[in-house]
Amino acid sequence: MKGGTHDDFETRYWLNTAAAGGWVTILMTVAGLVYLVLFAAPEHRLGLGLMLAIDGVSGLLALLFIPWRRVVASAWREGIFLGWSLLTVVIIWLSALFDGGADSPLQVALFLPVVFASLSFPVRGVIATALLAEVAFLTIAFGGLHGGYVLVFGAALAGTSAMALWQSTIHAAWRRELALSSTTDPLTHLLNRRGFAMASERAFAALVRHGRPVTLAVIDLDYLKTYNDHHGHQAGDELLCWVGERLLQSVRVGDAVARLGGDEFAVLLPETSPEAAEPVVTRLSAQLAERAPHCLGIATAPKEGASFDDLYRNADAALYERKLLRPPQVESPQPVEVNPSRA
């Protein structure tokens, strides 16, 4: 069961951030080399050249050698990016010190890692980078610059840091919203296929590690099309939302409820054997029976599926087997219209 593109978007975003950082590092190294040749004092060139060499190597590593796709997919992603930014601040700081300290124009480059941090870092990463940049500037300026320059430069750096922090907060909110929309059904606000697949991955990870069974219930509403034809699609949407609410009321904390599409719902019961699942399934079936005729199929891993796809196929097969074995109805028991007193 695959769907959604949030992870792909997030991966591309971090990869683009790494590429941008690499190219800007190379650009600044080239600018630094030009400065070294044309403007740096002879006694400053050795130390400054060493710092530029380190900076250039870091840029080339970022562009050509570091396996960013693996880094982005790892738990160390934010730490590695933060370390890169902090290293850049240190390189700029040392470069300015080698170039004469307070008299060096290289201190202006301290703005760059702060801006870079705002692209994708969490708030704590932006704060750490901004604080280090501010401290670096103050140590460069100490005793060598007049108060007015220190005030204006420090305030500008602090203002840039504040905007970077605000931008990081906005990015974090956007990513949370994107993550939510990519895993949630917009009508019922249950999990969608993608969100349900993510929940199943966690449940099967517990199954592999601890041998705890996973039970899946697949639910198919009956006669929804007929109900829509008779009462309109708005009434059908209301019925689907009602079903979602009743399912959520019937399950336990830690269970996952999803609308897989159309009239198909599913409930995942992690760490639940068939015997333990029985009262939960009985309860949710009784809840739905108030308004929504349905059919339900159940399967439990690992006995009925070593993977989620196998488990889903077996639960779906059980559902359709039950449909075939049901006695024929003289008149189809359509879903019941909403009663305001019971809504």
Collect the residues in the stretch 203-236 that are among the β-branched types (Val, Ile, Thr) and either touching a residue at least 12 places away in the same chain (Cβ under 8 Å) or in contact with a Phe, Trp or Tyr (Cβ under 9 Å, 6 or more places away or on another chain) (or both), keeping them in residue-number order.
-> Val214, Thr215, Val218, Ile219, Thr226
Quick one: would you say Glu278 is open to solvent by 40 Å² or more (accessible area, probe 1.4 Å) and under 12 Å from Leu216 (Cα atoms)?
-> yes
May I ask you to verify whether His230 is at positive phi and open to solvent by 70 Å² or more (accessible area, probe 1.4 Å)?
-> no
Test result for Leu64, under 28 Å from the mean Cα position of the chain (by Cα) and touching a residue at least 24 places away in the same chain (Cβ under 8 Å) | no
Boolean, Ala179 is open to solvent by less than 50 Å² (accessible area, probe 1.4 Å), of a type in the set (A, V, I, L, M) and more than 20 Å from Arg313 (Cα to Cα) = yes
Failed condition for Glu78, given (1) touching a residue at least 40 places away in the same chain (Cβ under 8 Å); (2) out of contact with any Pro (no Cβ under 8 Å at 6 or more places or on another chain); (3) within 30 Å of Ser200 (Cα to Cα) = (2)
Would you check if there is a residue in the stretch 155-166 being without any contact (Cβ under 8 Å) to a residue 24 or more places away in the chain, open to solvent by less than 80 Å² (accessible area, probe 1.4 Å) and not small (Gly, Ala, Ser)?
-> no
What number of residues within the stretch 195-227 are under 24 Å from Ala286 (Cα atoms) and open to solvent by less than 30 Å² (accessible area, probe 1.4 Å)?
-> 12
Could you tell me whether Arg69 is touching a Leu at 6+ places or on another chain (Cβ under 8 Å), among the basic types (Lys, Arg) and touching a residue at least 12 places away in the same chain (Cβ under 8 Å)?
-> yes
Has the stretch 257-271 got at least one residue that is without any contact (Cβ under 8 Å) to a residue 60 or more places away in the chain, touching a strand residue (DSSP E or B) at 6+ places or on another chain (Cβ under 9 Å), closer than 28 Å to Gly211 by Cβ and crowded, with 19+ Cβ neighbours inside 10 Å?
-> yes
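The values are calculated or read from the model by the stated rules, or taken from the named source; none is laboratory data. None of these values were measured; they are calculated from a predicted model. Cβ: placed from backbone, ideal geometry, glycine included. Neighbour counts: every protein chain shown. The protein model used for the area step is the full one, side chains on, heavy atoms only, and it has no ligands, DNA or RNA in it. Shrake-Rupley method; radii C 1.70, N 1.55, O 1.52, S 1.80 Å.
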